[in-house]
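This report refers to the structure that appears directly beneath it.
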There are 2 protein chains.
Amino acid sequence: MTRLFPGAGRGPVLRQPWAPAVAGALALAGCATAPSTAPATVAATPATPAVPPTMQWLYGSGEGAASSIQAYHAFRDHVLAAARARPVDSVVLAEGSTLEAPRFIPCGDRPFAVVLDVDETAIQNLGFEYQDALQPGRGYDQQLWNRWEQTGASAVAPIPGAVGALRAVRDAGVAVIFNSNRLAENAAQTVATIEGVGLGPARHGETLYLKGDIAPGSEKDPRRAAIAGRYCVIALAGDQLGDFSDLFNARTLPVAARRAAATSGPLVTMWGNGWFVLSNPVYGSGLRGGFDDVFPADKRWSDPAGEE
Amino acid sequence: MTRLFPGAGRGPVLRQPWAPAVAGALALAGCATAPSTAPATVAATPATPAVPPTMQWLYGSGEGAASSIQAYHAFRDHVLAAARARPVDSVVLAEGSTLEAPRFIPCGDRPFAVVLDVDETAIQNLGFEYQDALQPGRGYDQQLWNRWEQTGASAVAPIPGAVGALRAVRDAGVAVIFNSNRLAENAAQTVATIEGVGLGPARHGETLYLKGDIAPGSEKDPRRAAIAGRYCVIALAGDQLGDFSDLFNARTLPVAARRAAATSGPLVTMWGNGWFVLSNPVYGSGLRGGFDDVFPADKRWSDPAGEE
């Protein structure tokens, strides 16, 4: 859309609700009592932070919901078609692949499966993010997240579109396997979390893989390889590039090069065609970069009217 | 993904880079010199604001790029299939439709077309957003945006996936029509902007509709109806719900109800199936709502360890 707010008469809306918080003056949309029908321009008491725009978009907006429903529609349609077609290759990269020369693990006659990340791919961590939004200066607290894994099962919701898509693929005889970096010691609670919102079943070691399974650490390639040894994996879903291949998280890859790796080369055809990304601007490996990383040098512009 | 940063040894990344800016203390990822390979934890000088996470995600990340490539792959595949199938109905809602009882304008034997929004649907307004990120407290300035429309043509880039998709649909004989709320007085510059990044041609009044065309104001329904009177519209693409129907922007629709309108009811099947949404957390009608609008009351959670 253009800068003009759609809908006549609404007028311009402050585009960066976090900005006034930065200035420390006006907190936008901080009214935590009744749901609001008006644009979010109500001054809040200083004690109430604003909901960050990333969360307004992902958890509150029709646009964010439509985006995930769309992704899960494509996921479902692709999986049902692939299950009928018996593909030669899976969508899991084989060992020795590079981003420029990818090879996929062959399927053989193994049964079909899909592999999905959990957090902000299949479920929304609403309870945790609510708390996070209330404490904007805090930063990541691994112990807090661990307590969330252990006790937050009733405060999550499925990502829009996920329940119907997983039901359809299971009905078509395709196994659903979750590949998450939640902790193995919290497996029972993670199972309860997934199953509690209608995305189950999930069984650790069979249809749920967690951090440290197969190999130590957070990389997901070893788990994908193990799954692809048992199944013909016909779709991957995730909100981070690491949900598709650890090659995207090579330490030598600067921000712009990492984006280029996703937008060019032979793997670009995978997006929406076996690899399904769920938009997540709230956290993750995409939230990196300074001005020169994010804005190409040849796309700079200055206001011809001069400094304001 | 979970809270743990993918890739062993990277350690936790500050999840809310805007938060320290809020505290006014540490600016995250503010290094505007060389591209960074390290996680964005470098302290910036107070004069350099941080790139907001919304822009890091949309303009800088492989995740954001993959999301739009995926959307445009689905758009292209749908359009090519529909053009072969000669659908009875278009994807444009007919007058008198409601969200609960939608009807679509029939196609007759009119030639095929797709209709796309421009800003953050077909193009990225990099030059403008770069300036906006440098001035975090400023808020929306309509005159500044007007000057951007007039002079920014060389500082935009196509949304990843758009160029190839539009080429494919044009090659299939489908007309490409832009429906934008940019100003009609800047039509020539908007044509130059679209054509300059390989998304053209665009001709005002034929394949480019602007604010105030057909009917006064920002609502896009009248323009869609006019286009659907000349073409069989088989796909819509946009980053805001108003790019699909003004019904989503009814003033009586609170935030949560607007999201529910997109996630339930008969129109939910349109996402990825004639209606293609491009994720845009940087600005727009999705960035609304306080805590009670965004976080359902039954999904609240408190840290069992108590206040920190």
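The values are calculated or read from the model by the stated rules, or taken from the named source; none is laboratory data. From a predicted model like this one, the values you see are computed outputs, not experimental measurements. Glycine also receives a Cβ, built like all others from the backbone with ideal geometry; neighbour counts cover every protein chain displayed.
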Single unsatisfied condition, A:N125 versus (1) touching a Leu at 6+ places or on another chain (Cβ under 9 Å); (2) closer than 25 Å to A:R288 by Cβ: (1)
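Of all residues in region A:231-269, how many are touching a Cys at 6+ places or on another chain (Cβ under 6 Å) and either assigned to a helix (DSSP H, G or I) or within 11 Å of chain B (Cβ to nearest Cβ) (or both)? Please lay out each step first, then the result.
The first filter runs over region A:231-269 and keeps only residues touching a Cys at 6+ places or on another chain (Cβ under 6 Å), leaving A:232.
Then keep just the ones that are either assigned to a helix (DSSP H, G or I) or within 11 Å of chain B (Cβ to nearest Cβ) (or both); that gives none.
Looking only at that region, the number is 0.
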Does any residue of region A:272-279 turn out to be more than 14 Å from the chain's Cα centre (by Cα) and at the interface with chain B (Cβ under 7 Å from one of its Cβ atoms)? yes
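Yes/no per residue for (1) surrounded by 18 or more Cβ atoms within 10 Å (Cβ to Cβ); (2) of a type in the set (D, E, K, R):
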{"site": "B:S154", "(1), (2)": "no, no"}
{"site": "B:G161", "(1), (2)": "yes, no"}
{"site": "B:N181", "(1), (2)": "yes, no"}
{"site": "B:E185", "(1), (2)": "no, yes"}
{"site": "B:V191", "(1), (2)": "yes, no"}
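Go over the candidates B:L199, B:L210 one by one and state the one that is without any contact (Cβ under 8 Å) to a residue 40 or more places away in the chain, hydrophobic (A, V, I, L, M, F, W, C), in contact with a Leu (Cβ under 7 Å, 6 or more places away or on another chain) and surrounded by 15 or more Cβ atoms within 10 Å (Cβ to Cβ).
Numbers: B:L199 fails: without any contact (Cβ under 8 Å) to a residue 40 or more places away in the chain.
From the options B:L199, B:L210, the qualifying one is B:L210.
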Condition check: closer than 30 Å to B:E129 by Cα and either at pLDDT below 95 or hydrophobic (A, V, I, L, M, F, W, C) (or both). Does B:L253 satisfy that? yes
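Would it be correct to say that B:D221 is among the acidic types (D, E), more than 17 Å from the chain's Cα centre (by Cα) and buried (at least 16 other Cβ atoms within 10 Å of the Cβ)?
Answer is yes for this residue.
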Residue ID - nearest to A:N280 (Cα to Cα), chosen from residues in region A:58-105 that are under 23 Å from the mean Cα position of the chain (by Cα) and of a type in the set (V, I, T): A:I69
Could you tell me which numbered condition A:T54 fails, if it satisfies all but one of (1) assigned to a loop (DSSP other than H, G, I, E, B); (2) over 20 Å from A:E195 (Cα atoms); (3) among the polar types (S, T, N, Q); (4) modelled with pLDDT of 95 or more? (1)
Quickly run through region A:104-138 and pick out the residues that are touching a Phe, Trp or Tyr at 6+ places or on another chain (Cβ under 9 Å), surrounded by 21 or more Cβ atoms within 10 Å (Cβ to Cβ) and aliphatic (A, V, I, L, M). A:A113, A:V114, A:V115, A:L116, A:V118, A:A122, A:L126, A:A133
